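Visitor: If you scroll down you'll find the structure; I have some questions about it.
Values in this text are rule-based calculations from the coordinates and carry no lab data. All values reported here derive from a predicted model rather than from experimental measurement. Positions of Cβ are backbone-derived with ideal geometry, glycine not excepted, and every protein chain shown enters the neighbour counts.
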Amino acid sequence: MLFVLVLLFFANGTALALDNGRGHTPAMGWNAWNTFGCSVSEKLIKDIARTMVSSGLRDAGYKYLVLDDCWMGGRDEHGNLIANRTRFPSGMKALGAFIHSKGLLFGIYESPNTVTCAVIWSGYPAKLGTGSADHNQQDAKTFASWGVDYLKYDHCRGDYDSFARMRDALRAAGRPILYSINPEFGQVARSRELPFLANSARVGDDIFPKWQAVTRLIDEGSAYAMLSKPGYFNDLDMLEVGNGMSQAEDRAHFAMWAVLASPLLAGNDIRSMSPQTKAILENRELIAVDQDPLGVQATLADEPSSTTQIWSRPLAGKRTYAIVLLNRGDRAVTIDVPWNWHVGFQGPARVRDLWTHKDLGVFDTGYSAVVQPHDAAAIKVTVVTGRRAHAAATAPHRLVRAPKTLHPAVPPA
Ligand code: GLA
């Protein structure tokens, strides 16, 4: 009997990660903060909602429209959260209904402290930017009544256990709300608890649109790869695609976020994005890697040189892998990927280019690509079995070195 109970406990998933009906794959959507900071308004959010539909982003999978900090206007006489009336004259319930009418989901921001992070860091008035401290249950009910589908709960300073309190308050409020937390800036204490606390947790310090921030977050995020699973994903922070980095850097950023199974929250002004930015954000094959139902985060398979890395993750489906060849350096280089246990399999294997969307053929012993500076090649590989595999088994295989340790994080300039 005990054996059956233990089996049921593990089989329904509750033992492995928070099960609140949301976040079985990494969240996808748009967040206001990276481009607009505190300059948010009802008009902006409605424009963005319309553009998420007209640009094709919604249909590519970007469903959550997340209003970040600075939407609040304090509390009413009953202690209920209210929106900033000047910026959001129709209120949050009406905004939620508008977002839903576009086939999108509504995300909102709060903090477990007495004030939000924008009060602490960005000068938002303290009497407006009220946090959820001592109001967890009341605020969770308010969010549910507004039709909120996603909560970003952002620490800055305060009490780590407050994340569990809001998780329980959301559950009690009775609406499935994806719970995305930011436990601490770059110092994730008690990391093994994260999958039980939330659907995603920020595991690095804030992103900004520079290559050193992208590589720093790859290093920070990769330390927690073993936690990733359906229901919980490591959040490498919102995307900076289209926010001023080179196209190569945007490509590498996006491919890495996808292979590392991070939430994909666009952070650019999508109303004026270039066709190149749109093509990166709407790369359906890389989105499929990010959203793969196995939910496994890529790990570093090898570092062929001090500036090149090979990241590999298994995908659902027989003997299928996604591999990203990352060039962190300043010169174009050829990156060789021999098929071996470092990348997870032996060849021969069929290769598909996830940027050009072309099948490249069957490669017996490995794959090799010239990768531009600050760029990444991305491939999907399916191991070939049967007669072809037997023929290739006699071909000479190259040896590779054992993986080295990760680069130290590069500090911002
Ligand atoms: C913190 C978070 C950011 C953003 C701001 C808002 O810095 O890490 O993503 O939410 O707060 O104040």
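Visitor: Nearest 10 degrees, 0 to 90: what angle lies between the long axis of helix 162-173 and the longest principal axis of the chain (Cα atoms)?
Guide: Rounded to the nearest ten degrees, it is 70.
Visitor: Something else now. What ³J(HN,Hα) values, in whole Hz, does the Karplus curve 6.51 cos²θ - 1.76 cosθ + 1.60 give for segment 310-321 when θ = phi - 60°, with x put for Gly and Pro?
Guide: Rounded to whole hertz, the list is 10, 10, 9, 9, x, 10, 4, x, 5, 6, 10, 9.
Visitor: How much length, in nm to one decimal, is gained on full extension between THR114 and GLN372, taken as 0.36 nm per residue of separation minus their Cα-Cα distance?
Guide: Contour length minus the Cα-Cα distance gives 88.2 nm.
Visitor: If you don't mind, another one. Under a 5 Å amide H to amide H cut-off, with H placed in plane at 1.01 Å, what residues pair with LEU360 once short-range neighbours are removed?
Guide: VAL351, ARG352, ASP353
Visitor: Also: Cβ under 12 Å from MET245's Cβ, MET245 left aside: what net charge do those residues give with Lys, Arg +1 and Asp, Glu -1?
Guide: Local charge sum for MET245: -2.
Visitor: Grab the Cα-Cα distance for ARG171 and SER246, subtract it from 0.36 nm times how many residues apart they are, and report the gain in nm with one decimal.
Guide: Gain on extension, ARG171 to SER246, equals 22.8 nm.
Visitor: For THR86 and TYR160, what does the FRET efficiency come to when R0 = 51 Å and r is the distance between their Cβ atoms, rounded to the nearest 0.05?
Guide: 0.90
Visitor: Across segment 291-302, in residue order, what do the Karplus-derived ³J(HN,Hα) couplings come to in whole Hz, using 6.51 cos²θ - 1.76 cosθ + 1.60 with θ = phi - 60° and x for Gly and Pro?
Guide: Karplus values, whole Hz, x for Gly and Pro: 8, 3, x, 5, x, 8, 7, 4, 10, 6, 7, 6.
Visitor: How many angstrom lie between the Cα centre of segment 319-333 and the Cα centre of segment 66-144?
Guide: A separation of 41 Å, based on Cα centres.
Visitor: Enter the Cα centre distance for the pair segment 360-386 and segment 191-261, rounded to the nearest angstrom.
Guide: Their Cα centres are 23 Å away from one another.
Visitor: On to the next question. Take ARG284 and ARG331, extend 7 Å from each Cα along the Cα→Cβ direction, and tell me the distance between the two endpoints in nm.
Guide: It works out to 4.0 nm between the two label points.
Visitor: Also, I was wondering about something else. Of MET226, MET256, MET28, how do they rank once you tally other Cβ atoms within 10 Å and put the fewest first? Before the final figure, lay out the partial values.
Guide: Values: MET226 12, MET256 24, MET28 21.
The fewest-first ordering by Cβ neighbours comes to MET226, MET28, MET256.
Visitor: So what is the relative contact order of segment 336-382, in percent, for Cα pairs below 8 Å that sit 6 or more residues apart?
Guide: For segment 336-382, the relative contact order is 41 percent.
Visitor: Can you run phi through the Karplus equation (6.51, -1.76, 1.60; θ = phi - 60°) for segment 231-242 and list ³J(HN,Hα) in whole Hz, with x for Gly and Pro?
Guide: x, 9, 9, 6, 9, 7, 5, 5, 6, 10, 4, x
Visitor: LYS152: which lysines have alpha carbons under 24 Å from its alpha carbon, excluding same-chain residues fewer than 8 sequence positions away?
Guide: Result set, ordered by chain and number: LYS43, LYS46, LYS63, LYS93, LYS102, LYS127, LYS141, LYS210, LYS229.
Visitor: Order the peptides 296-305, 318-327 from the highest to the lowest mean number of other Cβ atoms within 10 Å of their residues.
Guide: 318-327, 296-305
Visitor: Round to the nearest 10 and give me the degree value, 0 to 90, for the angle of helix 42-54's Cα axis relative to the longest principal axis of the chain.
Guide: Helix 42-54 sits roughly 30 degrees off the main axis of the chain.
Visitor: Can I ask one more? Quick one: which residues, 5+ away or cross-chain, put their amide H under 5 Å from the amide H of ALA27? H built at 1.01 Å from N.
Guide: Result for ALA27 returns LEU264.
Visitor: In what order do HIS78, HIS342 fall by count of nearby beta-carbon atoms within 10 Å, going from fewest to most?
Guide: HIS78, HIS342
Visitor: Based solely on its DSSP helices, what 222 nm [θ] is calculated for the chain when runs of n ≥ 4 H residues each add -39,500 (n - 2.57) and the sum is averaged over all residues, nearest 500 deg cm²/dmol?
Guide: One gets -8000 deg cm²/dmol as the mean residue ellipticity at 222 nm.
Visitor: Amide H of VAL371: which non-local residues (sequence gap of 5 or more, or other chain) have their own amide H closer than 5 Å, using H built in the peptide plane?
Guide: Long-range HN contacts for VAL371: VAL333, THR334, ILE335.
Visitor: For the chain, find the longest principal axis of its Cα atoms and tell me its angle to the long axis of helix 247-259, 0 to 90°, nearest 10.
Guide: 90
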